[in-house]
Amino acid sequence: MKILLAVDGSPYTKRMLAYLAAHDEWLGAGHAYTVVHVVPPVPGRAAAVLDRATLKSYYDESAERVFKPIRTFFQRQGIEAAFVGKTGAAAETVAALARRGGFDLIVMGSHGHGALARLVLGSVASKLLAATQVPVLVVR
């Protein structure tokens, strides 16, 4: 099974990884894993005064800070994973990657806000569920 892990480096990402480690059906050599982190874009006016190399470095370093402990997690499990850093709106970017990559499942952690908070604040998990045809496992 091709599994896309959407991560943000928060405690909810750690909770999601702990869930995977506790469930052999989701974490094992029989699956292909891709870990994606989406960095929000630098606002247009700020980006306009920065050169491309500086922006790329910022985006790459931001993703790598999130990836570093997750790389360690996968190494300890003895499992290979691909790591992909993207820039954009998180839900839409993850949905597009899942569609183009032919993934069977998206796994992500969630803050677990109530209905009122989602209505006011929005939620990456809620937006992703609305934007993708790929099944999503949300770990709270």
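Taking the alpha-carbon set of the chain, what are its Rg and Dmax in Å?
Gyration radius and largest Cα-Cα distance of the chain: 15.5, 48 Å.
Using a 10 Å cut-off around each Cβ, can you sort T87, T72 from fewest to most neighbouring Cβ atoms?
Working: T87 17, T72 10.
Ascending number of Cβ neighbours within 10 Å: T72, T87.
How big is the equivalent ellipsoid of the stretch 9-74 along its three axes, where each semi-axis is √(5λ) from the Cα gyration tensor, reported in whole Å from largest to smallest?
Working: eigenvalues 206, 26, 17 Å².
Over the Cα atoms of the stretch 9-74, the ellipsoid semi-axes are 32, 11, 9 Å.
Taking 22 Å as the cut-off for C-alpha to C-alpha distance, list the pairs among K68/K127; K86/K127; K56/K127 that go past it. Show your work: numbers first, answer last.
Values: K68/K127 26 Å; K86/K127 17 Å; K56/K127 26 Å.
Exceeds cut-off: K68/K127; K56/K127.
With a 10 Å Cβ neighbour count serving as the proxy for reagent exposure, in which order, fewest first, do H31, H23 appear? Write down the numbers at each step before the final one.
Details: H31 16, H23 12.
With the fewest neighbours first, H31, H23 line up as H23, H31.
So, with +1 on the Cβ of K and R and -1 on the Cβ of D and E, and no other charges, what is the size of the charge dipole of the chain about its Cα centre, to the nearest 20 debye? Spell out each step's value before the answer.
Numbers: 16 positive and 10 negative charges, 52 e Å.
Rounded to the nearest 20 debye, it is 240 debye.
Rule-based calculations on the coordinates, nothing more; no lab input. Keep in mind that this is a model prediction, so the values were computed, not measured. All Cβ positions, glycine included, derive from the backbone under ideal geometry; neighbour counts span all protein chains shown.
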